[in-house]
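Engineer: One structure follows; several queries about it will come next.
Bear in mind that the values in this text are calculations on the coordinates, not laboratory data. Bear in mind that the values here come from a model prediction, so they are computed numbers and not experimental data. Backbone-built Cβ (ideal geometry, glycine too); neighbour counts: all protein chains shown.
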């Protein structure tokens, strides 16, 4: 498995898009922090990067990479290698490169300008979201044979997780505003890793407001050790579940 | 050194000629404080040497000075009020007052002033008292540099650190108060000054202030109190230079203002409070040169407020700048610095060319539908917020700062 | 050595393999013949585990290949169209394959073809810059490199120039003489004449016949494979 990971990583590192992404993140976060005289506003800009750009790039890049590696995968499959090994290597290679890119691109500026609890939470969530969306991309790519369809599916998934899901929640919130749905909402937020990550960051960034009545329910749940551990567990499930499904699919896939 | 200090203090007290000094303590002329008080005449000084004095309720009914040396302990054995002052011109200084009685009928205190004037209570340490220092119908008294702490966990079991009731011209200066129900409590107190106190970790309010007019509180620190500071039903109150920090909770405020009029809030700092200032029924209030940093809401202004002027303040890193429950706005917000302002300054006069609306749409939504906080800062809600900025529909049309500053003020 | 039993595979509505049963043994050199779309490549991919069959099973040395991967270390595979990671050079591809397979290989590496095709001069060329023929040479070199017991060659000479084609043929003959099982699918029947000992003829995913070359000649009365097959197809 190590050998295959090695070749995947070498291949990704040779890819200019990955380097471009790292540079893009780095320049963007550095300029956000240095342009704003107030670090809190810088963090806000960074939050948008984490919640929008990281999932998008993770999804699209991984999907395209899988399609472009069809030959490589085909070559490997005909060799004495387990299919699971090949797929896991592909995942590990992609996930570690995305994590590395985020750490170098956004992590370093955060560590320079905002090395506090909020900053660390942002890095952690950014890393987790990178990996989660690699796993989701692998699932999307293995499910659809056609490249164009696969990339389309990835974009739709991104749109769903970053926009449509929230719209749906807002609709629910107003539709059922007369009922005590706060607790249910905590559960619903688990269904979207971006929302879950965002709430975890909010609890560090907007702690003052979250202590108020409106945020109290989230504070009471996510603020406790149990809630925090549970949330991270759910985020891990968001990695493991799509990955396991994609491995299962890949094992049966005809090449 | 002590002697010089002592003489100086005597001078301050303007002791009449011929006053005597009585030493109290083991191996001194008198061993009990009560006996010494009985022996003393007006104008005498009692020097109390270290030791533990369990003398039930000490009543000071003569114009005398009680001076503790190295903090002699006056123990109320959890049954009695330690020191009751019933004569004008009394000085109580340098004692360690512990374990007052706790009662739901009587307000036992560590040191209590009963219906008198010109009392000075200075440099004492009060621990585990029900009420700390209590003034009832006190006039022109000084409560200075005392350290007052309690460790109760429930409000019912705990009294207030410094409690003033129907008093006038009080000066509360430089005290440290921890762990009481309210740090400083004022009810029907007028013409008084609260200066340089440090009130932290009290169960309810750091400062609780009701029906008290023409008072000032200046350069105090109120941090991490259960519900922050409450100032209610008063007029002509001046609040200058105070720090309100980390008052967190669903009913917790830097300051809760209720039915306040003709008052000033200037040069204060509000940092990391759930709500910096909450205003209800406030009128004719001047807010200037305050700094609001990293609060949940810098201020919430209920529709019952009018003639509030908010100018030359800094708003930095607050989750929401201003929240309100109505659309009618009778207050002005001009010339503040808002870090969320995204306008421009083409004529370079350091004032933004387009107005700033401090009420964001999302704060209105959260006000109406609290669980919506869950979607705060999501991609979709930022889109909605941007739309609202272009086409205001939910936020009050007239609540705006027409002269928003481009750079923060140096405060 | 390789036994397929009742193997079926559907791609959507297309029946790619239909109840196919075939036995291939050591020392045989088998030609896999059939019209376009008759399922030759699918069958090869099924043997390699690249396509998973819907029903039936395939054994390799008596072991079911399903959920098994080690058996592939005994197979050298030359695909119809060799596709390789485009950013890698030929040398890197060779190194990578050696790296991946070195645990199960009988050393030394068989680098005859690299030498004979003169690939040594091209080791620094990136895969995306190669012509179809050169890619085929790389595929062939890789198939023979690890001294496998079984060689599966899918259209081996397609795209190769006559000289290279001849080199490859000689190599196949050499390996055949070592007693290996060789499976060749090809359209160019004339090339197979000197090579094969048996013929598997497929049509619409089903097996038409599996005969030795002698038997086929006897049945059709034709000496040349091409003519023999043509006669079969006319029937």
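Engineer: Two-decimal Rg/Rh of segment A:1-146 from alpha-carbon positions, Kirkwood Rh?
Structural biologist: Result for segment A:1-146 is an Rg/Rh of 1.04.
Engineer: Which whole-number percent is the relative contact order of segment A:2-252 (Cα, under 8 Å, 6+ apart)? Don't jump to the answer; show the numbers that get you there.
Structural biologist: Details: 240 pairs, mean separation 65.0, N = 251.
RCO, segment A:2-252: 26 percent.
Engineer: At R0 = 25 Å, how high is the FRET efficiency between residue C:147 and residue C:234 if r is their beta carbon distance? Nearest 0.05 is fine. Provide the component values of the computation, followed by the final result.
Structural biologist: On the way: r = 41 Å, r/R0 = 1.66.
Result of the calculation: an efficiency of 0.05.
Engineer: Could you check which residue among C:60, C:11, C:117 shows the biggest mean-square fluctuation in a GNM of chain C with a 10 Å Cα cutoff?
Structural biologist: Most flexible of the set in this elastic network: C:11.
Engineer: Averaged across orientations, what area in nm² does the convex hull of the alpha carbons in segment B:248-351 project?
Structural biologist: Numbers: hull surface 26.4 nm².
Over all viewing directions, segment B:248-351 projects a mean Cα-hull area of 6.6 nm².
Engineer: Same structure again: Go ahead and estimate [θ] at 222 nm for chain B from helices alone: -39,500 (n - 2.57) per DSSP H run with n ≥ 4, summed, over the residue count, rounded to 500.
Structural biologist: -3000 deg cm²/dmol
Engineer: Oh, and also: When A:168, B:379, A:222 are ordered from fewest to most other Cβ atoms inside 10 Å of their Cβ, what list results? Each step should come with its number before you reach the end.
Structural biologist: Values: A:168 14, B:379 18, A:222 21.
With the fewest neighbours first, A:168, B:379, A:222 line up as A:168, B:379, A:222.
Engineer: Enter the per residue convex hull volume of the protein assembly as shown, computed from alpha-carbon coordinates, in Å³ rounded to the nearest integer.
Structural biologist: 244
Engineer: Okay, next question. Can you give the % of DSSP beta bridges in the protein assembly as shown that are antiparallel, to the nearest 5? Write out the running numbers ahead of the final one.
Structural biologist: Numbers: 23 of 172 bridges.
Here the antiparallel bridges make up roughly 15 percent for the protein assembly as shown.
Engineer: With 10 angstrom as the radius, rank C:24, B:141 by how many other C-beta atoms surround their C-beta, starting from the fewest.
Structural biologist: In increasing order of surrounding Cβ atoms, one gets C:24, B:141.
Engineer: In units of 2.2 N^0.38 Å, what is the alpha-carbon radius of gyration of chain C?
Structural biologist: Relative to the 2.2 N^0.38 Å estimate, chain C comes out at 1.01.
Engineer: While we're here: What 222 nm value per residue comes from the helices of chain A, counting each DSSP H run with n ≥ 4 as -39,500 (n - 2.57) and dividing by all residues, nearest 500 deg cm²/dmol?
Structural biologist: Computed ellipticity for chain A at 222 nm equals -26000 deg cm²/dmol.
Engineer: Compute the acute angle (0 to 90°) between the alpha-carbon long axis of helix A:193-205 and the principal axis of greatest extent of the alpha-carbon atoms of chain A; round to the nearest 10°.
Structural biologist: The helix A:193-205 is inclined about 40 degrees to chain A.
Engineer: A further question follows. Between segment B:255-298 and segment C:56-72, what is the C-alpha centre distance in whole Å?
Structural biologist: A separation of 78 Å, based on Cα centres.
Engineer: Add -39500 (n - 2.57) for each DSSP H run of 4 or more in chain C, then divide by its residues: what number comes out at 222 nm, to the nearest 500 deg cm²/dmol?
Structural biologist: Helices in chain C give a 222 nm mean residue ellipticity of -9500 deg cm²/dmol.
Engineer: Could you work out the equivalent-ellipsoid semi-axes for segment A:11-75, taking the square root of 5 times each eigenvalue of the Cα gyration tensor, largest first, in whole Å? Intermediate values should be presented prior to the final figure.
Structural biologist: Details: eigenvalues 204, 29, 5 Å².
Rounded to whole Å, the semi-axes are 32, 12, 5.
Engineer: Could you tell me how many degrees, from 0 to 90 and to the nearest 10, lie between the Cα long axis of helix B:379-390 and the main elongation axis, the longest principal axis, of the Cα atoms of chain B?
Structural biologist: Between the helix axis and the principal axis of chain B, the angle is about 80 degrees.
Engineer: Hey, another quick one. Quick one: work out Rg over Rh on the C-alpha atoms of segment B:99-189, Rh as Kirkwood radius.
Structural biologist: Taking Rg over the Kirkwood Rh, I get 0.93.
Engineer: Roughly how many whole Å is it from the C-alpha centroid of segment B:118-189 to that of segment C:87-133?
Structural biologist: That distance is 89 Å.
Engineer: Rounded if a/c is under 1.5, else prolate if a/b is larger than b/c, else oblate: which is segment C:20-145, with a ≥ b ≥ c the root eigenvalues of its Cα gyration tensor?
Structural biologist: Numbers: a/c = 1.97, a/b = 1.58, b/c = 1.24.
It is prolate, given that a/c is not under 1.5 and a/b is the larger ratio.
Engineer: If r is the Cβ-Cβ distance from residue B:54 to residue B:86 and R0 is 25 Å, what FRET efficiency results, to the nearest 0.05?
Structural biologist: Values: r = 21 Å, r/R0 = 0.83.
E(calc), rounded to 0.05, equals 0.75.
Engineer: Additional query: Pick from C:189, C:107, C:160: which residue has the top mean-square fluctuation in a GNM of chain C where Cα pairs under 10 Å get a spring?
Structural biologist: Top of the fluctuation ranking is C:107.
Engineer: Continuing with the same structure: Quick one: what do you get for segment B:145-190 if you divide its Cα Rg by 2.2 N^0.38 Å?
Structural biologist: In units of the 2.2 N^0.38 Å rule of thumb, it is 1.18.
Engineer: Then there is this: Please compute the Kirkwood hydrodynamic radius of segment A:2-252 from all pairs of different C-alpha atoms, in Å with one decimal. It would help to have the intermediate numbers written out before the result.
Structural biologist: Numbers: mean 1/r = 0.0523 Å⁻¹.
Every distinct Cα pair counted, the radius reaches 19.1 Å.
Engineer: When the convex hull of the C-alpha atoms of segment A:75-153 is computed, what volume per residue in Å³ does it have?
Structural biologist: Considering the Cα atoms of segment A:75-153, their hull volume per residue is 112 Å³.
Engineer: Sticking with this one: Taking 7 Å along the Cα-to-C-beta vector as the label spot, tell me the residue A:85-residue A:35 distance in nanometres, rounded to one decimal.
Structural biologist: Going by the 7 Å Cα→Cβ label model, 4.9 nm.
Engineer: If you don't mind, there's one more thing I want to ask. How big, in percent, is the set of alpha carbon pairs in segment B:44-390 lying more than 24 Å apart?
Structural biologist: Counting pairs separated by more than 24 Å, the tail of P(r) holds 57 percent.
Engineer: Can you give the % of DSSP beta bridges in chain C that are antiparallel, to the nearest 5?
Structural biologist: Expressed as a percentage, antiparallel bridges in chain C total about 55.
Engineer: Ok, one more. Can you check how the C-alpha radius of gyration of segment A:1-42 compares to 2.2 N^0.38 Å, as a plain ratio?
Structural biologist: Compared with the compact-globule rule of thumb, segment A:1-42 sits at 1.76.
Engineer: Take the alpha carbon gyration tensor of segment C:132-199, find the square roots of its eigenvalues, order them as a ≥ b ≥ c, and report rounded if a/c is under 1.5; if not, report prolate when a/b exceeds b/c, else oblate. Walk me through the intermediate numbers first.
Structural biologist: Details: a/c = 1.67, a/b = 1.14, b/c = 1.47.
Oblate is the answer for segment C:132-199, as a/c is 1.5 or above yet b/c matches or exceeds a/b.
Engineer: Still on this structure, please answer the following. I'd like the distance between the alpha-carbon centres of segment C:149-199 and segment A:13-79, rounded to an integer number of Å.
Structural biologist: 48
Engineer: For segment B:71-120, max minus min Cα coordinate along each principal axis, in Å, sorted largest first?
Structural biologist: 28, 28, 9
Engineer: What is the packing order of peptides A:192-199, C:226-233, taking the mean over residues of other C-beta atoms within 10 Å and listing the highest first?
Structural biologist: A:192-199, C:226-233
Engineer: Most exposed first by the Cβ proxy, i.e. fewest other Cβ within 10 Å, how do A:185, A:30 rank?
Structural biologist: Taking fewest neighbouring Cβ atoms as first place, the list is A:30, A:185.
Engineer: Among A:112, A:49, A:123, which one shows the biggest mean-square fluctuation in a GNM of chain A, springs joining Cα atoms closer than 10 Å?
Structural biologist: Top of the fluctuation ranking is A:112.
Engineer: While we're looking at this one, here's another question. Report the label-to-label distance for residue C:83 and residue B:264 in nanometres (one decimal), using points 7 Å from each Cα along the Cα→Cβ vector.
Structural biologist: 8.0
Engineer: Stokes-Einstein diffusion coefficient for segment B:155-298 at 37 °C in a medium of 0.692 mPa s, Rh from the Kirkwood formula over Cα pairs: what value in µm²/s?
Structural biologist: Roughly 229 µm²/s, to the nearest whole number.
Engineer: What shape does segment B:291-411 have by the C-alpha gyration tensor, where a ≥ b ≥ c are the square roots of the eigenvalues, rounded means a/c under 1.5, and otherwise prolate means a/b greater than b/c and oblate the rest?
Structural biologist: Working: a/c = 1.55, a/b = 1.31, b/c = 1.18.
Prolate.
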